[in-house]
1. Put A:Lys131, B:Lys173 in order of accessible area, largest first, 1.4 Å probe: what do you get?
2. Not counting the cut sites, what is the longest span of chain A without GluC sites (Glu not before Pro) that DSSP labels loop and that have at most 15 other Cβ atoms within 10 Å?
3. Given H placed on each backbone N at 1.01 Å, which residues far from A:Ile187 in sequence or on other chains put an amide H within less than 5 Å of it?
4. Taking θ as phi - 60°, what are the ³J(HN,Hα) couplings along segment B:62-74 by the Karplus curve (6.51, -1.76, 1.60), each to the nearest whole Hz, with x for Gly and Pro?
5. Could you list log10 I(q)/I(0) for segment A:264-401 at q = 0.10, 0.18 Å⁻¹, which the Debye formula gives when each Cα is one point scatterer?
6. Scan around A:Glu132 for amide H atoms under 5 Å from its own, H built in the peptide plane at 1.01 Å from N, and keep only partners 5 or more places away or cross-chain.
7. Once you compute Rg and the Kirkwood Rh from C-alpha atoms, what is the Rg to Rh ratio for segment B:139-190?
8. Work out how far the C-alpha atoms of segment A:100-189 reach from end to end along every principal axis, then list the three figures in whole Å, largest first.
Protein chains: 2
Amino acid sequence: MSKLRKDEVVRIPLEECEIPKQWYNIIADMPNKPGPYYSPMTGKIAEPEEMMAIFPKELLMQEMTLDRWIDIPGEVRTMYRQWRPSPLYRARSLEKVLGTPARIYYKYEGTNATGSHKLNTSLAQAFYNRKEGIKRLATETGAGQWGSALSLACNHFGLECTVYMVRVSYQQKPYRRSFIQTFGAEIFPSPSTRTMAGKKILERDPGSTGSLGIAISEAVEDAATHDDTNYSLGSVLNHVCLHQTVIGQECKKQLEKIDEYPDVVIACCGGGSNFAGIAFPFLRDKFSGKNVRAVAVEPTACPTLTKGRFAYDYGDAVQMGPIAKMYTLGHDFVPAGIHAGGLRYHGDSPIVSQLYHDGLIEAVAYAQKPVFDAAVTFARAEGIIPAPESSHAVKGAVDEALKAKEAGDERVILFNLSGHGYFDMAAYDYYFSGDMVDYEYPEKILEESMKNLPDIK
Amino acid sequence: MSKLRKDEVVRIPLEECEIPKQWYNIIADMPNKPGPYYSPMTGKIAEPEEMMAIFPKELLMQEMTLDRWIDIPGEVRTMYRQWRPSPLYRARSLEKVLGTPARIYYKYEGTNATGSHKLNTSLAQAFYNRKEGIKRLATETGAGQWGSALSLACNHFGLECTVYMVRVSYQQKPYRRSFIQTFGAEIFPSPSTRTMAGKKILERDPGSTGSLGIAISEAVEDAATHDDTNYSLGSVLNHVCLHQTVIGQECKKQLEKIDEYPDVVIACCGGGSNFAGIAFPFLRDKFSGKNVRAVAVEPTACPTLTKGRFAYDYGDAVQMGPIAKMYTLGHDFVPAGIHAGGLRYHGDSPIVSQLYHDGLIEAVAYAQKPVFDAAVTFARAEGIIPAPESSHAVKGAVDEALKAKEAGDERVILFNLSGHGYFDMAAYDYYFSGDMVDYEYPEKILEESMKNLPDIK
């Protein structure tokens, strides 16, 4: 390896042999562990048998374990080699445009075929399901990144795949649909008439634009009512966050090579998995005294951490999936159809929620337009068009860099550019049209949506 | 660097310091040099002064030089570091699907922001133009890959950019338009009413779907009629082929690492630059006796090498640009609106043409449907959706692999996956709809279109 110099480097590479061999399970190190899941049937702590109707055993074990390190299976790691280690960039042009003394680094997870970090977990999930004899996976997708990632993974491991795509995104992103079909998966706009859950929602609201919570209900029902089918979730759950930790582990090695360590780690946060992926390996250092901040960025149109309640709630709209302790806006909350479809989830990862509740991480919410302002500034400077979701992290990093400028300090900022926006150009058209609308909910509406939480303390 | 084993490797990396420091100029080694350009005004060999109305001096020197190696400027090489060296993959899954004893490798040029090899030359062209005080570049684009690449490069080097996009592609690929606008360029469907050339075509054929030849006329006119503006071409010319040779040079280093050498190198061929990029460094070995084949793949809808004539012809529809000795279907030829917009050029690189004429390379033409069959097979096996243009190379490689299977030999196949298809999903929708039409022209029509060649021997 040629000697890398901090003052020169643009892209910080890693060798293939430096792809992590294990995932990092942050639960092992958390001062307060995330709460157990409750059963929507019994109202009691969920029995593993109940969860096994929709998840394979090995993923359930990963969900519950206190082991700090989990070995990455060889077949998954072989697939990781298609695009991992992913590049870490120093955002020199962006720094110049902002006139900041901060040093900004971004990890770019968009170089794989599906264009986002989601493939890190979809490959793992497809692998374990196939290993346990499952024939088909059912899932939801928001913006389509997760559906793309799971369809590719299922195709690779020889599984069938059924995707319920939030209707508003299905309409806004026809090319994601084509992508998913190219990999042989079937895809339906959600709410659909294929499930009881979908029908129930459509009866109540025939024009429903859908939500992640609804699409999850449909996929869970599909899995629960078919023996050969399991459910697969692209974020939120502990094992999904676990699989994403390859991101942060690689970042640490890459930054070490140029003798850097971040003052602040920033990622967008919908269900929490890409935030988890980049932040958890750094939080491990924080637990042992290191001074590092982690900031989760969410949209004002779905302000789960910043405006939600830390309480037990259903993970899905129709109350079929496990009940989790998390920040939530209420399982009935249907956020405005902002383009960052991947951030339209009413709840959040139980781990991320616990960390936020314990004051170990920060959260901030931005409206759509300033997020796209930052995205276009970033694109013109760095040459990559970010996904609308990832643009929230860009906005967070830009604000942090401007604060550093104001304070005149050399802050080191690391953020996760979790995916590219090449399937989201309609959102950029909308932005350039000048018609883009910002959403912010009055407290009253949010209070209303949080009224129906289940009675678990 | 960890030891790479041929029987295990998936992605063959290179270190950043192994990005080529020079471009390879094949003209230095060609037994017969490409013919000189002629002036459309005088009918005589073009004077450099005439060409300097639309090109910067340094690029003209690169166009004419017999020097074998040209240094890559530091600022261009710094930008190359954003995504170069690009990965070389062993297509293990594709090999398995085809059941071939052949070893298939592909160079993937789609990992940069604009998704194709075009950025290799756009950065160089923008750099030299800015260096010589030019304020704006005008260009044409077919599928939009070139327009994307030039808009990004212009934005980076502080130039304005005007793109004339072939109308049929402008309609088929709205997201390419958004991409180009995101980088601050202005873009017009061609033929447009902004130029005399465009108006002339529209008078003749108001419903014209456009062609690369027409769009080139518009861009050349725009450049020639504005002092501060130059013209920039994404393929065909010698200096463009030159800039692409970083591709093949990297491939050679990557294959050396696993002790491989290709029996055959395959690339799609529109104007010829991505073929040049991967093939020329290997042809250098062929000139000194090495046994290596190079195959250019074109669509039956625009069969320049396989059905055209080797003769002097205008590079553009309205006869404004230089006259070049090349394979041509006639400058009036307007190919069917196939989705591989980047391959819809009536002519071809003078260098590639001369090599083909001298029997040093091969060419083959495929219809659209079998090309998409191969593309979907490739996508499902390898996890990358290829651009329609690049899919021609995929089809070429698949056929070569099947021939190897028939012959029972271990042929080593290398092809250039010049770009991804994430902006081309409408073409895949069209393919899956079952309505896709194949085009093949009867000799008579081609004879007709080749009747108006200029009288230069």
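The values are calculated or read from the model by the stated rules, or taken from the named source; none is laboratory data. This is a predicted model, so every value here is computed, not measured. Cβ: placed from backbone, ideal geometry, glycine included. Neighbour counts: every protein chain shown. Quick note on the areas: whole protein, heavy atoms, side chains included, nothing else; ligands and nucleic acids left out. Shrake-Rupley method; radii C 1.70, N 1.55, O 1.52, S 1.80 Å.
1. Values: A:Lys131 120, B:Lys173 5 Å².
Output order, biggest surface exposure first: A:Lys131, B:Lys173.
2. That would be A:133-409.
3. Answer set, sorted by chain and number: A:Val163.
4. With the stated coefficients, segment B:62-74 comes to 5, 5, 9, 5, 9, 4, 6, 10, 10, 5, 8, x, x Hz.
5. Summing over Cα pairs of segment A:264-401 leads to -0.32, -0.97.
6. The answer is none.
7. Ratio value, two decimals: 0.93.
8. Cα extents, longest axis first: 54, 32, 17 Å.
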